[in-house]
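These notes are about the structure you will find just below.
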Amino acid sequence: MERERIYCNNCKGETWHENVASYCHDRYDYFWGYSQQFESSIFKCCGCEDISFRITRHPFDFQDKGDKPEEFVYPARGFKFREKKYFWNLPKNIAQLYNETVKAHDSELLVLSTVGVRALIEAVVADKISKDIYKKNLESKIEALRPHFSDAVIDTLHEFRKMGNMAAHEIQAPESLNIHHALYVVEGILEFFYGIEEHARMFSDGRKKDKKDES
């Protein structure tokens with residue numbers, strides 16, 4: 001039986017998958033006036049035995065010979081997604097912006113996710129830093145974070161700023177992996193300003209309860 005290496009969401013890695021069923025058909029496209037070939041396949045993971053579906057759409061005959069078939073695998077492969085983090089007491093507008101930025105990243109909407117990273121930095125500064133120490137531009141807002149983070153982090157945030165400018169004004173997005181790393185840095189900033197304080201409060205409340213129980 002035909003086998004292929006496919007990422008398995010359950011096994012968390014590429015595993016051998018058996019092709020248990022396939023179907024091929026041509027569909028006539030009335031807009032282009034040509035037929036297009038589609039292949040549908042059902043795969044079973046040789047490890048966990050989970051089932052995946054793949055649809056392959058082949059190029060039209062008039063397309064460039066170098067054009068490759070498009071493949072769509074269902075359910076969507078988990079390696080494309082980031083594990084979304086949760087933060088206590090995150091302001092509603094920042095929480096919404098963070099969720100939308102992660103969704104844009106997972107959907108490979110690189111321009112939108114790049115702009116989202118930039119907007120998240122601005123939103124945190126507006127919420128946590130006194131407006132008396134920075135100007136309206138993003139460069140000044142990033143500099144306002146310098147007392148809280150190392151020079152290396154601030155320099156990285158300026159790189160995000162430049163990346164966001166390219167995305168917002170010139171519609172040029174960086175590689176997906178760069179956005180992936182940028183989101184980790186922003187999540188660290190969110191944890192610093194919103195997570196640590198809440199964990200400290202929970203620790204303090206727990207200690208007070210322990211002392212009360214001991215007395």
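The values are calculated or read from the model by the stated rules, or taken from the named source; none is laboratory data. Everything numeric in this text was worked out from a predicted model, so none of it was measured. Don't worry about glycine lacking a Cβ; one is built from the backbone with ideal geometry, like all the others, and counts go over all protein chains shown. These area figures cover heavy atoms from the full protein model, side chains too; ligands, DNA and RNA do not enter into them. Shrake-Rupley method; radii C 1.70, N 1.55, O 1.52, S 1.80 Å.
Between Gln36 and Arg27, Tyr28, Asp29, the built amide H atoms are under 5 Å apart, and every one of these is 5 or more places off in sequence or on another chain. Loop-located GluC sites (Glu not before Pro) in region 1-92 (DSSP state other than H, G, I, E, B) with a sparse environment of at most 14 neighbouring Cβ atoms within 10 Å: Glu2, Glu49, Glu83.
Since only Leu145, Leu110, Asn99 are under comparison, the one whose Cα sits farthest along the positive direction of the charge dipole of the chain, derived from C-beta charges on Lys, Arg, Asp and Glu, is Leu145. Coupling constants for region 8-17 follow from the phi torsions by the Karplus curve (6.51 cos²θ - 1.76 cosθ + 1.60, θ = phi - 60°), and in residue order they are 9, 5, 7, 7, 6, x, 6, 9, 6, 10 Hz; glycine and proline get x.
The alpha-carbon of Lys135 sits under 28 angstrom from the alpha-carbons of these lysines, leaving out residues fewer than 8 places away in its chain: Lys92, Lys162. Computed on region 108-171, with alpha-carbon pairs under 8 angstrom and 6+ residues apart, the relative contact order is 45 percent. Give me the dipole magnitude in Debye, nearest 20, for the chain about the Cα centre, with unit charges on the beta carbon: positive for Lys and Arg, negative for Asp and Glu. The calculated dipole for the chain is roughly 860 debye. Under a Gaussian network description of the chain, with springs only between Cα atoms under 10 Å, the residue in Val102, Val117, Val73 that fluctuates furthest is Val73. Hydrodynamic estimate: the Kirkwood radius of region 48-120 over Cα pairs, inserted into Stokes-Einstein at 37 °C and 0.692 mPa s, corresponds to D of 214 µm²/s.
If you add up the charges near Gly116, with Lys and Arg at +1 and Asp and Glu at -1, over every other residue whose beta carbon is less than 10 angstrom from its beta carbon, what do you get?
In short, +1.
For the chain, the relative contact order comes to 13 percent (Cα pairs under 8 Å, sequence separation of at least 6). Each residue of region 102-114 is assigned a 3J(HN,Hα), and the resulting list reads 5, 4, 5, 4, 5, 8, 6, 8, 5, 5, 5, 5, 5 Hz, derived from the Karplus form 6.51 cos²θ - 1.76 cosθ + 1.60 (θ = phi - 60°), x at Gly and Pro.
Highest GNM mean-square fluctuation among Tyr86, Tyr30, Tyr194, for the chain modelled with Cα contacts below 10 Å: Tyr30.
Note that the chain presents 66 Å² accessible area per residue, ligands and nucleic acids not counted, probe 1.4 Å. Here the chain exposes an accessible surface that is 52 percent carbon and sulfur, computed with a 1.4 Å probe and the other protein chains kept in place. For the chain, what class follows from the C-alpha gyration tensor (a ≥ b ≥ c being the square roots of its eigenvalues): rounded when a/c is under 1.5, otherwise prolate if a/b is larger than b/c, else oblate? In terms of gyration-tensor shape, oblate. Annotation: Trp32 carries an accessible surface of approximately 130 Å², with a 1.4 Å probe and no ligand, DNA or RNA atoms counted.
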